[in-house]
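A short worksheet on the structure shown next.
Read-outs: derived from the displayed coordinates by stated rules, not from any lab. Just so we're clear, the structure is a prediction, and the values are computed from it rather than from any experiment. Glycine also receives a Cβ, built like all others from the backbone with ideal geometry; neighbour counts cover every protein chain displayed.
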Ligand SMILES: Cc1cc2nc3c(=O)[nH]c(=O)nc-3n(C[C@H](O)[C@H](O)[C@H](O)COP(=O)(O)O)c2cc1C
């Protein structure tokens, strides 16, 4: 191979090694990060989502994660989020999963509930902050009545409402299986509902779901147990966590690594390690800035992990795997610039054509002349 640290032999790279999780063999370790498109009507994925995910499937991503898909309507971040709370939505997803599979790629759905960060304007709306009920929004719910700064005050969830959440995730997981997804990921990061319960910065409850670490972890663990039970044994379950709140009173990577160890015990197969989002914070953003957190979660939990966040060059991404910091990488914004990021990486790293995910229609792109 050309430049790069891999020592697997000529023409080979760790990014393009398969990874087995339960009965599933992921064809490579370059995965599309979940990215909201804010482009759905009534939670229905449509042609935009087919092309967004489809282009990246032809671009060689071994696993594509959908954007946050709401498990209930009030769990949408914006009114334009996709969902999987209805059979009609599952049918619409089935068209997309079929196309991805026809390209030799796999696809996972990120199941989400935005909690107190729901009902907000999409980023390119002229208005900012909450979409109010009289403008097509709704009153968000959360563990406690404190608002995320700048957003609407949530209604504190009753105990019954909290105890309904694992079932809502499980029902969405059951629909995801019917829709043809290969993987399910629980969104427990970025300050959304499951993270709100986990973090002392957003959870002020004094019942069985607040206070001690065990109580704050309860909703995430119960949701993971319920989803695991809704999935076939051979299907992997991923959880995205924020490994640190970047706040002295919040969670740090040790807290989250230990939560991940408990997730391992209830049948979670891989932790997707991100950071932040539960409260405003100064984040030391830089190349690969979340990789150390991924490594810590991997060491403590014993689970495979994926790393994400400013992994931009093939050599840098390869090095994360060579160093043993993570088992896979997720690529977000670079994939918005370049849906063919994995094929470009294969070319740059000199990976043999038959070891890289070229579609036959695009194979000539492997050769410079
Ligand atoms: C437009 C956009 C939408 C995003 N939506 C989601 C989402 O739905 N779920 C999620 O977990 N992360 C979301 N993220 C975060 C990405 O998954 C990723 O973690 C982050 O962008 C850092 O990776 P990158 O530097 O490769 O972009 C989003 C990021 C962007 C840029």
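Give the Cα extents of segment 165-277 along the principal axes, in whole Å, largest first.
42, 27, 22
Under a plain spin-label model, where a point goes 7 Å from the Cα along Cα-to-Cβ, how far apart in nm are residue 42 and residue 128?
Using points 7 Å along Cα→Cβ, the separation is 3.4 nm.
So for the chain: antiparallel DSSP bridges make up what percent, rounded to the nearest 5?
Working: 5 of 39 bridges.
Taking every DSSP beta bridge within the chain, about 15 percent pair in antiparallel fashion.
Using a 10 angstrom cutoff on alpha carbons, build the Gaussian network for the chain and name the most mobile of 223, 176, 306.
Most flexible of the set in this elastic network: 223.
Give me the three principal axis extents of segment 104-199 from the C-alpha atoms, as integers in angstrom, largest value leading.
42, 36, 25
Please rank 235, 44, 35, fewest neighbouring Cβ atoms within 10 Å first, as an exposure proxy. Could you put the intermediate results ahead of the total?
Values: 235 21, 44 15, 35 18.
Neighbour counts put them in this order, fewest first: 44, 35, 235.
Let me check against my output: what whole-number percent is the relative contact order of the chain, with C-alpha pairs under 8 Å and at least 6 apart? Before the final figure, lay out the partial values.
Values: 882 pairs, mean separation 67.9, N = 369.
Averaging sequence separation for qualifying contacts and normalising by length gives 18 percent for the chain.
For residue 282 and residue 164, compute 0.36 nm times the residue count separating them, minus their Cα-Cα distance, and round to one decimal in nm.
Working: separation 118, 0.36 × 118 = 42.48 nm, distance 3.43 nm.
Extra length available between residue 282 and residue 164 comes to 39.1 nm.
Within 10 Å of each residue's Cβ, count the other Cβ atoms and sort 298, 218, 116, 95 from fewest upward. Mind dumping the intermediate values first?
Numbers: 298 23, 218 19, 116 27, 95 16.
Final ranking by Cβ density, sparse to dense: 95, 218, 298, 116.
In what sequence do 289, 148, 38 fall when counting other Cβ within 10 Å, fewest first? Display every interim value, and only then the final one.
On the way: 289 14, 148 24, 38 20.
The fewest-first ordering by Cβ neighbours comes to 289, 38, 148.
Looking at the chain as a GNM with Cα springs under 10 Å, which of 215, 203, 28 has the largest mean-square fluctuation?
Result: 215 has the largest fluctuation of those listed.
Which residue fluctuates the most in the chain, going by a Gaussian network model with Cα springs under 10 Å, if the choices are 135, 33, 127?
For the chain, modelled as a Gaussian network with Cα springs under 10 Å, the answer is 135.
Could you give the C-alpha radius of gyration of the chain expressed as a fraction of 2.2 N^0.38 Å, taking N as the number of residues it contains?
Working: Rg = 19.7 Å, N = 369, 2.2 N^0.38 = 20.8 Å.
Ratio of Rg to 2.2 N^0.38 Å for the chain: 0.95.
Say each of residue 177 and residue 310 gets a label point 7 Å from the Cα, pointing the same way as Cα to Cβ; how far apart are those two points in nm?
The modelled label-to-label distance comes out at 4.1 nm.
Enter the Cα centre distance for the pair segment 243-307 and segment 159-192, rounded to the nearest angstrom.
20
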